[in-house]
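Asks: My questions will all concern the structure given below.
The values are calculated or read from the model by the stated rules, or taken from the named source; none is laboratory data. Nothing here was measured: the structure is a model prediction, and the numbers come from that model. FYI the Cβ positions are ideal-geometry reconstructions off the backbone, even for glycines, and counts take in every protein chain you see.
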2 protein chains.
Amino acid sequence: MPSLLIPASLREDIALAALKNDRFLRALAGETVDMTPVWMMRQAGRYLPEYRATRAQAGDFMSLCKSPELACEVTLQPLRRYAMDAAILFSDILTIPDAMGQGLYFTEGEGPRFRKVVRSEKDVEALPDLNVAKDLSYVTDAVSVIRRELNGSVPLIGFSGSPWTLATYMIEGSGSKDFRNAKSFMFNQPQAMHLLLDKLATAVTDYLNAQIAAGAQAVQIFDTWGGVLSTHAYREFSLAYMTKVVAGLTRESEGRKVPVILFTKNGGLWLEDIAASGCDCVGLDWTIDIGRARARIGDKVSLQGNMDPSILYASPDSIRAEVARILQDYGSGSGHVFNLGHGITPDVDPANVAVFIESVHELSRRYHQ
Amino acid sequence: MPSLLIPASLREDIALAALKNDRFLRALAGETVDMTPVWMMRQAGRYLPEYRATRAQAGDFMSLCKSPELACEVTLQPLRRYAMDAAILFSDILTIPDAMGQGLYFTEGEGPRFRKVVRSEKDVEALPDLNVAKDLSYVTDAVSVIRRELNGSVPLIGFSGSPWTLATYMIEGSGSKDFRNAKSFMFNQPQAMHLLLDKLATAVTDYLNAQIAAGAQAVQIFDTWGGVLSTHAYREFSLAYMTKVVAGLTRESEGRKVPVILFTKNGGLWLEDIAASGCDCVGLDWTIDIGRARARIGDKVSLQGNMDPSILYASPDSIRAEVARILQDYGSGSGHVFNLGHGITPDVDPANVAVFIESVHELSRRYHQ
């Protein structure tokens, strides 16, 4: 899928340019590294004054997502301040339902909302099949622009919401405390729910493959709401569809493996199941001890995580101590990508992020000798 | 602690009256039962029209809690409709901080709030030591009245919020999405946090012992927010203080053991730790498979749970199927108290609760032969 923004010849140059820092990809593959790589979920975000300025320039949040140049700008902002080992595409997890015509919008302080909701089998059947190259070209264009601007400094991560997570927002029409509508739909109309999840799995697969074709060097699936399900329902309604997505993904690009990270918030009980999905890495929230997670999963897949984002409100000494504890819990050897256990929160002091990133690099060297 | 409402002689009669239905206490002790006992967290609640009527009569929520007669009335309401195997005192988890002078109030649809917040060591030091018999006499009076009215039909459960859960509300001043203030306090002022938790552990111990003295035949500690912590922080700031409370409780009353149930929402990763606290029963939310929980804990303690409350929005057939699945997952033998994995939600159809309670009794008989 050629990008409109970059001539094919230049794209080839970019593809062939060796990565200057491949620590992130090496750790995901379990290969030796000099220190533990680190990035932060939501690293391009409101805690940065330059992000707030760019967002103000864009107007609303979706205009920021839909401008490849501005999305590139905010993607790069944290990398100018901190020595992160990966960039992540700036976008929203709900671009797919928006492209399906559900009418995504944001209200200040209230999170995402949809103008239309899915509540019946008829609503599900009426959802259009996406042509990702056309309907979500602003995302793939952003990926291409970011790759050009990164110029091989660090790898670029693409992402999507999981089918279950997208379904919850499409059914509720917003975030939810108890997912009453999504769960009622699941219990009372399981066939319609499966049809919806199947459509979404196809869209997510196409979407991630388009990001990979445009230059994403790893992808992460955010299953933000899988953890509100029972074990049985999680397997049937969330994990099964992520497994389907993983099976359909392009796993090699530019002569290198494209690793897949699955992150189910509150999924600590199901690590073995997630690790068996075909993914390369399991993302951990902060509730699980990473040493115990490693003991449970072994070297089957790598692990990403898992510091409580709230620690970034604490003192530099507390941040360093927590980084040291997590590194010690994980222990020696590769296979660990350091991250927060969830997205960084908007009110964190940017100086504390520097302490965090530097601590990971500095304190992890001894575990990689 | 003699009650003002019931003469000592009558209290003795009540105490000596044999329980007509002790299935709940027998299951907690791992003794044989004819069928699995069942009750519901928040069973006295808004899904019942008669509850809404009594609440309207009381005025606001705290007036309902503070009237022993009205609290008794709503405690008994679900038992008039359904064959539940236990009653639970109607009250709020935040009575202790309210009695400490923090000024608890409720805003419609927004949950609990406090007029004062705790944000410094000085604030913690200024908190008064409670005289539970005096400061929370409305609760112990309610326990006595309920015991009289239950007249031995089923046992009465007393309860309290956990020290950590009370602390989060006292520091935040309300519910919270990310517990920013409570966690900052914990990270930046751990000594002050430990002082606060220690004061709360003493108050919770006294409070539960006063409920037991007034007639509670089992007690449950609700650790609603322990699950937002990392494993390390959970052990240090939540479980340690619940363990301290358990160690200080009166464990026998009226010639019978008073079992203690610990319920940490999202605590599935820590079952072994919770089971080692000295409690008699671990409460499970719905995210964990109860069969797997039993395999992990064995017969060390009993288990309570764990149906997703959202299933009560589904069809009667779906409810029965889910009850059957959980009973099958748990398997044969005693040690299981059926419950929801969290409180029943306000919009459930009361007819579906009948299906739930009847299904548990009917379908569980085969596991107790």
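Asks: Can you tell me which residue within the stretch A:277-305, out of those that are polar (S, T, N, Q) and more than 8 Å from chain B (Cβ to nearest Cβ), is surrounded by the most Cβ atoms within 10 Å (Cβ to Cβ)?
Replies: Within the stretch A:277-305, the match that is surrounded by the most Cβ atoms within 10 Å (Cβ to Cβ) is A:Gln304.
Asks: Listed residues B:Ala213, B:Ala167; which is of a type in the set (A, V, I, L, M, F, W, C), touching a helix residue (DSSP H, G or I) at 6+ places or on another chain (Cβ under 7 Å) and modelled with pLDDT of 95 or more?
Replies: Only one candidate passes the filter, namely B:Ala167.
Asks: Just to be sure I understand the filter: pairs with C-beta atoms under 8 Å, separated by 6 or more residues or on different chains, first member in the stretch B:178-192 and more than 7 Å from chain A (Cβ to nearest Cβ) and within 13 Å of A:Glu322 (Cβ to Cβ), second member surrounded by 19 or more Cβ atoms within 10 Å (Cβ to Cβ) and not hydroxyl-bearing (Ser, Thr, Tyr). Which pairs pass?
Replies: Cβ pairs passing all conditions: B:Met186/B:Met193; B:Met186/B:Ala233; B:Met186/B:Phe237.
Asks: Further question: Would you tally the residues in the stretch B:312-341 being assigned to a helix (DSSP H, G or I), within 10 Å of another protein chain (Cβ to nearest Cβ) and touching a residue at least 12 places away in the same chain (Cβ under 8 Å)?
Replies: 6
Asks: If I ask for residues that are in contact (Cβ under 8 Å) with a residue 60 or more places away in the chain, in a loop (DSSP other than H, G, I, E, B) and either touching a Cys at 6+ places or on another chain (Cβ under 8 Å) or not charged (D, E, K, R) (or both), which ones from the stretch A:342-369 would you list?
Replies: A:His342, A:Gly343, A:Ile344, A:Thr345, A:Pro346, A:Val348
Asks: Given the condition closer than 30 Å to B:Arg325 by Cα and in contact (Cβ under 8 Å) with a residue 12 or more places away in the chain, answer yes or no: does some residue in the stretch A:248-261 qualify?
Replies: Looking for residues that are closer than 30 Å to B:Arg325 by Cα and in contact (Cβ under 8 Å) with a residue 12 or more places away in the chain, one finds none in the stretch A:248-261, hence no.
Asks: Looking only at the stretch A:261-276, how many residues end up being crowded, with 23+ Cβ neighbours inside 10 Å and over 22 Å from B:Leu229 (Cβ atoms)?
Replies: 2
Asks: So if I check each of B:Val204, B:Val154, which one is β-branched (Val, Ile, Thr) and either within 14 Å of chain A (Cβ to nearest Cβ) or within 25 Å of B:Val38 (Cβ to Cβ) (or both)?
Replies: Only one candidate passes the filter, namely B:Val154.
Asks: Turning to a different aspect of this structure: So A:Arg148 passes all but one of these: (1) assigned to a loop (DSSP other than H, G, I, E, B); (2) in contact with a Gly (Cβ under 9 Å, 6 or more places away or on another chain); (3) not acidic (Asp, Glu). Which condition number does it fail?
Replies: (1)
Asks: Please give the number of the condition B:Asn151 fails out of (1) within 28 Å of B:Ala192 (Cβ to Cβ); (2) at pLDDT 95 or above; (3) surrounded by fewer than 17 Cβ atoms within 10 Å (Cβ to Cβ).
Replies: So the condition that B:Asn151 fails would be (1).
Asks: Against the conditions (1) closer than 30 Å to A:Gln189 by Cα; (2) within 14 Å of chain A (Cβ to nearest Cβ); (3) touching a residue at least 40 places away in the same chain (Cβ under 8 Å); (4) polar (S, T, N, Q), where does B:Thr264 fall short? Just the number, please.
Replies: B:Thr264 satisfies every listed condition except (1).
Asks: Still on this model: Condition (residue is among the charged types (D, E, K, R), closer than 30 Å to B:Val360 by Cβ and either modelled with pLDDT under 95 or surrounded by fewer than 22 Cβ atoms within 10 Å (Cβ to Cβ) (or both)) applied to the stretch B:88-110: is it met by at least one residue?
Replies: yes
Asks: Are any residues in the stretch B:175-192 surrounded by fewer than 24 Cβ atoms within 10 Å (Cβ to Cβ) and over 20 Å from B:Ala126 (Cβ atoms), and if so, which ones?
Replies: Within the stretch B:175-192, B:Gly175, B:Ser176, B:Lys177, B:Asp178, B:Phe179, B:Arg180, B:Phe187 qualify.
Asks: Quick check: anything in the stretch B:231-238 closer than 25 Å to B:Tyr138 by Cα, in contact with a Ser or Thr (Cβ under 9 Å, 6 or more places away or on another chain), assigned to a helix (DSSP H, G or I) and of a type in the set (Gly, Ala, Ser)?
Replies: No, that holds for no residue.
Asks: Give the residues of the stretch B:286-307 that are out of contact with any helix residue (DSSP H, G or I) (no Cβ under 7 Å at 6 or more places or on another chain) and within 21 Å of A:Asp273 (Cα to Cα), sorted by residue number.
Replies: Answer for the stretch B:286-307, where residues must be out of contact with any helix residue (DSSP H, G or I) (no Cβ under 7 Å at 6 or more places or on another chain) and within 21 Å of A:Asp273 (Cα to Cα): B:Trp286, B:Arg292, B:Ala295.
Asks: Follow-up. I'd like to check which helices (runs of 4 or more DSSP H) are fully inside the stretch B:157-216 and have at least 2 residues that are touching a Gly at 6+ places or on another chain (Cβ under 9 Å).
Replies: Of the helices (runs of 4 or more DSSP H) lying wholly inside the stretch B:157-216, those with at least 2 residues that are touching a Gly at 6+ places or on another chain (Cβ under 9 Å) span B:163-172, B:190-214.
Asks: From the set of residues in the stretch B:135-178 that are of a type in the set (S, T, N, Q) and closer than 13 Å to B:Ala214 by Cβ, which is nearest to the chain's Cα centre (by Cα)?
Replies: Among them, the one singled out is B:Thr140.
Asks: Might you let me know whether the stretch A:248-258 holds any residue that is assigned to a helix (DSSP H, G or I) and either of a type outside the set (Lys, Arg) or within 12 Å of chain B (Cβ to nearest Cβ) (or both)?
Replies: no
Asks: Using the structure shown, decide if B:Tyr241 is within 14 Å of chain A (Cβ to nearest Cβ), over 14 Å from the mean Cα position of the chain (by Cα) and either at pLDDT 95 or above or assigned to a loop (DSSP other than H, G, I, E, B) (or both).
Replies: So B:Tyr241 fails the test.
Asks: Moving on to the next point. Out of all the residues in the stretch B:23-50, which are assigned to a loop (DSSP other than H, G, I, E, B) and surrounded by fewer than 20 Cβ atoms within 10 Å (Cβ to Cβ)?
Replies: B:Ala29, B:Gly30, B:Glu31, B:Thr32, B:Asp34, B:Met35, B:Arg42, B:Arg46, listed by residue number.
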